[in-house]
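The next block holds one structure in the form of structure tokens; read it before the comments.
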Amino acid sequence: MRIGLDYRPALVNREGIGRYTRELVRALVELEFGPNLGLFAYTLGPGRIPRAELGLDARAELVRLRFPSRWMPGLLRLLGKGVDDLVGGANVYHHTQYRRLAVREAVEVATIHDCIYLLDAGYDNPDSAATMAAEARELVKHARRVLVPTEFVGAEVVMKLGVWPNKIAVTGLGCDHVARRLAPGGYGPAPERYVLTVTRVDARKNHLRMLAAFERLVADGLPHRWIVCGPAGYGSADFERALDRSPARERVLWKRAVGEDELVRLYAQAEVFLFTSLHEGFGLPPLEAMACGTPVITSCITSMPEVVGDAAWLVEPTDVDQTYDALRRLVDERDLALDLTQRGQRRAREFTWRETARKTLLAYSAALEPEDGPKLRRSL
């Protein structure tokens, strides 16, 4: 079985889709599947991730040409080819991002990370959301298998994109990439006490309410800082304005860009990890924090309970009182924090990229099976 895979996000994206693509391929290589991979990576810009960080086996074929991605559909039409031809042919072609490229012969598999762009909640730029929705619908129309990170997203894909349930494969994500960067001897105590949040700053991530809860912590006289790591996204101006007016503004540090090693250190030395997002398809940062030994407060909605289980303190994300109470207790009650730390470390060990790769290989095999079985009749 030869697999073609869109590797472009791995080269240029340091957030979720890039992490997913890099670590999935790294794990496939570790499973000695590298010789069966053809990685498509036509991009005009230079890669932002050093080759050593990609973890590619020399046998995994990286098909790279400095060529504008936006020209690819036209080029394929002009040549009468599919993207599977450009990787030397494949039995299965895996689309890791939503903008589909034409495939000529291979069976198609697609990853859908979430359905946030289909919500009318003001989380995305309306034009961008409409474009992503159209791309996702086109993508799943051609896919023999749709890979999703959680059962929650699987249900969304069925209900919102009309995919048959028997085409869904829940493959999960891993967090063991963090363990590779942890300092062997640990980091020792931080020079100051702080609460940490790692995520893009946008309307969906709920920073305004997290700020309100942190302000109450400061008003109580606690010495903590709040370190926010993540770039600005859609709606970030609201957070910036609130931060400028905040009585706790001198205690908030927003780091828009953080290196991998520094991020792991920040995870490991934080007193509490705070992540009360309003909607997630998976939510990797809480697991990363758990892997680094930090107790987590996160949301009780969407995918988060499925991901963190009983290893985090779950709060209703629109309830600032709940978030504040959880923060206050975890910074005050060390036994409670230690219990969550230990449960979190056990939980994080359950999520490995090797397991993601194993489930993905099973999905590839299932995609190659003939589609001659009965389909469920949808009643909605």
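The values are calculated or read from the model by the stated rules, or taken from the named source; none is laboratory data. Bear in mind that the values here come from a model prediction, so they are computed numbers and not experimental data. Positions of Cβ are generated from backbone atoms using ideal geometry, with glycine treated the same way; all protein chains shown enter the neighbour counts. For the accessible areas, the whole protein counts, side chains as well, though only heavy atoms, and no ligand, DNA or RNA atoms are used. Shrake-Rupley method; radii C 1.70, N 1.55, O 1.52, S 1.80 Å.
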Using θ = phi - 60° and Karplus 6.51 cos²θ - 1.76 cosθ + 1.60, couplings along the range 88-104 (whole Hz; Gly, Pro as x): x, x, 7, 7, 10, 10, 9, 7, 9, 10, 6, 6, 6, 9, 4, 10, 8
Using alpha-carbon coordinates, inclination of helix 353-367 to the longest axis of the chain, degrees: 30 degrees
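How much of the pair distance distribution for the chain lies past 25 Å, counting alpha-carbon pairs only, in percent? Walk me through the numbers on the way to the answer.
On the way: 41006 of 72010 pairs.
Cα-Cα pairs in the chain separated by more than 25 Å: 57 percent.
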Nearest 10 degrees, 0 to 90: helix 207-219 Cα axis against the chain principal axis: 20 degrees
Calculated FRET efficiency for the pair Glu333/Trp71, C-beta based, R₀ 56 Å, to 0.05: 0.45
Accessible area of the range 187-344 divided out per residue, in Å², using a probe of 1.4 angstrom: 38 Å²
Under the Karplus curve 6.51 cos²θ - 1.76 cosθ + 1.60, θ = phi - 60°, whole-Hz ³J(HN,Hα) for the range 184-200, x wherever Gly or Pro sits: x, x, x, 10, x, x, 6, x, 8, 7, 8, 9, 10, 10, 10, 4, 4
Carbon plus sulfur fraction of accessible area for the chain, probe 1.4 Å, in percent: 50 percent
Pairwise label distance in nanometres, Asn125 with Arg181, each label 7 Å out on the Cα-Cβ vector: 2.7 nm
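Using a 1.4 angstrom probe with every protein chain in place, what is the largest-first accessible-area order of Trp71, Trp254, Trp226?
Values: Trp71 135, Trp254 40, Trp226 0 Å².
Heavy-atom accessible area, descending, gives Trp71, Trp254, Trp226.
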Whole-number D in µm²/s for the range 182-271 (Stokes-Einstein; Kirkwood sum over Cα pairs; 10 °C, 1.306 mPa s): 115 µm²/s
Relative packing of peptides 184-196, 321-333, 263-275 - highest average C-beta neighbours within 10 Å first: 263-275, 321-333, 184-196
Degrees between helix 126-142 axis and first principal axis of the chain (Cα, 0 to 90, nearest 10): 40 degrees
³J(HN,Hα) computed for each position of the range 3-9 - Karplus, 6.51 cos²θ - 1.76 cosθ + 1.60, integer Hz, glycine/proline x: 10, x, 9, 6, 9, 4, x
Residues with amide H under 5 Å from that of Ile168, placed H, sequence gap 5 or more: Val146
